[in-house]
Amino acid sequence: MGRQLIKNARLVNEHRIIEGDILLKDGKILKIDGTITDPNAKVIDVGGSYVMPGVIDDQVHFREPGLTHKGDIASESRAAIAGGITTFMEQPNTNPQTVTIEKLEEKFARAAQTAHANYSFLFGGTNDNLEELKRLDKNSCSGVKLFLGSSTGNMLVDDETVLEQIFRSTEMVISTHCEDEGTIKDNLEKYRERYGEDIPIQYHPMIRSGEACFLSSSKAVDLAKRTGARLHVFHLSTGKETQLFTNDIPLEQKKITAEVCIHHLWFSQADYETKGTLIKWNPAVKTAADREQLWKALLDDRLDVVATDHAPHLLQEKNNVYTKAPSGGPLVQHALPAMLEKYHQGIISLEKIVEKMCHNPAILFQIHKRGFLREGYYADLVVVDMDSPWQVDKKNIAYKCGWSPFEGETFRSQITHTFVNGHLAYGKEGFSGQRNAKRLTFDRD
């Protein structure tokens, strides 16, 4: 790759914005300074655009192996770099499920051949793979994923004894999907009795209710406190759940953390009328009041990370009746533009976006030399033109499934360059013909 010099940038990093240049060499950041000259470097003048660290998405479902008609590691990681996401952590509910070390390493081998963004995977805990989990090297992957409520590719862990043993048996981050299964089943049966299989979509947040979320999240938090486990609660969707988390110590010292996803920050229950099953997620998009409280908790640091829960399905699958329509939707290409739109609306600062989408995932998962603009760190960078409006439509969607819940939306900010380990993976000319992604490594003693 040689040397590349990014000139005339506004660098968004570590709670401040400064004007300067960045010199890249051999995939890493060699120098950051106000003005840099290097006669041996290829100059990329970004003309005052903003440069931030590449986004780290700690929760995606890229559907490989077994569900590749919906998406695969190659297609969805390409969409990710178009959206400024340079690192992803993929979930275990594929087919076969990632619940053995052998299947985990098979995923890594596949990603090494096809991924366009840096990658790691979560190892799935089940009711009967505790011994396999105990064999897992704590530096081998992102962490452990537990489904405390059933979702796509049911991996429900509902054995209380096993659950506590898992919490006591690993030093790794335990990431959880929290919805109380009994509450959901009871709610679903009530609506089935009334409507049959074709339940109106607006009842989704009543079926997968706020009560179901809080019961499960509070139980996970209590278990983590009792066992000393390192818990990270995925995709909070209710205001009440935010009360379970604190902002009184730095992230590095927190044992219990939480994230919120783009769709729970953007949509509300009112959007079911126009979006229908396209915004059917687990946990469900809930009320505007819940959304407001999620924003409040994100901004006051009770919530630590913004992620996507990218989970593509084909349109013909989503267009089924309620009980047959799968939950989930594609988001990696549009997550950062959506957050930048909230910056333009005065809701969140650029520095806070970078903290929640870049810095904090790196800190939380102890990722080696990523997530920051620092000399010696890997050159995962995103260049953003903050005033270049564009509209989401099928012609510019990169997802294999070919649709987006944001279709028709106009975003004011546009990603113009995405560097992955110093390689220009995506730019004004489109996608690069080569890949330079790497397997994540971790700084865990």
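The values are calculated or read from the model by the stated rules, or taken from the named source; none is laboratory data. Please read all numbers here as calculations on a predicted model, not as lab measurements. Here the Cβ positions follow ideal geometry from the backbone for every residue, glycine too, while neighbour counts run over all protein chains shown. Heavy atoms of the whole protein, side chains included, go into the accessibility calculation; ligands, DNA and RNA do not. Shrake-Rupley method; radii C 1.70, N 1.55, O 1.52, S 1.80 Å.
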Looking only at aspartates and glutamates whose Cα falls under 18 Å of LYS219's and that sit 8 or more positions away or on another chain, we get ASP158, ASP159, GLU160, GLU164, GLU179, ASP180, GLU181, GLU211, GLU241, GLU259
Multiply the residue gap between LEU156 and GLU189 by 0.36 nm, knock off their C-alpha separation, and tell me the result in nm, one decimal place. 10.0 nm
Amide H contacts of PHE123 (H built 1.01 Å from N, under 5 Å, at least 5 apart or other chain): GLY143, VAL144, LYS145
May I ask you to compute the full-extension gain from ARG168 to LYS395, defined as 0.36 nm times their residue separation minus their alpha-carbon distance, rounded to one decimal in nm? 76.8 nm
Other-chain or far-sequence residues with amide H under 5 Å of PHE442's (modelled H): HIS368
Sequence ranges 368-376, 118-126, ranked by mean other-Cβ count within 10 angstrom, highest first: 118-126, 368-376
Given the pairs LYS107/LYS145; LYS190/LYS286; LYS145/LYS296; LYS286/LYS400, which span a C-alpha to C-alpha distance of over 24 angstrom in this model? LYS145/LYS296; LYS286/LYS400
Under the 7 Å Cα-to-Cβ spin-label approximation, ASP38 and GLU317 lie apart by a distance in nanometres of 4.4 nm
Give the distance, in whole Å, between the Cα centre of the range 51-91 and the Cα centre of the range 256-319. 18 Å
Label-reachable residues, the range 94-123, where backbone N falls under 18 Å from a point 7 Å from THR441's Cα toward its Cβ: 108-109, 112, 118-121
For the chain, give the percent of accessible area contributed by carbon and sulfur heavy atoms, probe 1.4 Å, rounded to a whole number. 44 percent
Expressed in angstrom and ordered largest first, the alpha-carbon extents of the range 9-140 along the principal axes are 57, 32, 28
So what's the chain giving for Rg/Rh, alpha carbon basis, Kirkwood Rh from the mean inverse pair distance? 0.95
Determine the alpha carbon to alpha carbon distance for each of LYS225/LYS369; LYS70/LYS395; LYS352/LYS395; LYS275/LYS324 and list only those over 28 Å. LYS225/LYS369; LYS352/LYS395
Out of all DSSP beta bridges with both ends in the range 1-138, state the antiparallel percent to the nearest 5. 50 percent
Springs between alpha-carbon atoms under 10 Å, Gaussian network over the chain: tell me which of PRO205, PRO250, PRO337 tops the mean-square fluctuations. PRO250
Taking amide H atoms as placed 1.01 Å from N in the peptide plane, list the residues 5 or more away in sequence, or in a different chain, whose amide H sits under 5 Å from that of GLY328. LYS280, TRP281, ASN282
Relative packing of 303-312, 404-413, which averages over residues the other C-beta atoms within 10 Å, highest first: 303-312, 404-413
Which whole-Hz ³J(HN,Hα) couplings does the range 114-122 yield from phi under the Karplus relation 6.51 cos²θ - 1.76 cosθ + 1.60, θ = phi - 60°, glycine and proline marked x? 10, 6, 9, 10, 4, 9, 8, 9, 9
Whole-Hz Karplus couplings 3J(HN,Hα) for the range 388-403, θ = phi - 60° and coefficients 6.51, -1.76, 1.60, Gly and Pro as x, run 9, x, 8, 10, 6, 8, 4, 5, 10, 8, 9, 5, 4, 6, x, 9
Tell me, what ³J(HN,Hα) does each residue in the range 266-283 have, in order and in whole Hz, if you take phi through Karplus 6.51 cos²θ - 1.76 cosθ + 1.60 with θ = phi - 60° and put x for Gly and Pro? 9, 8, 9, 4, 5, 6, 4, 4, 9, 8, x, 6, 4, 10, 7, 10, 10, x
Rounded to the nearest 5, what % of the DSSP beta bridges within the chain are antiparallel ones? 50 percent
When the chain is fully extended, how far beyond the present Cα-Cα distance does GLU197 get from ILE18, taking 0.36 nm per residue of separation? 58.9 nm
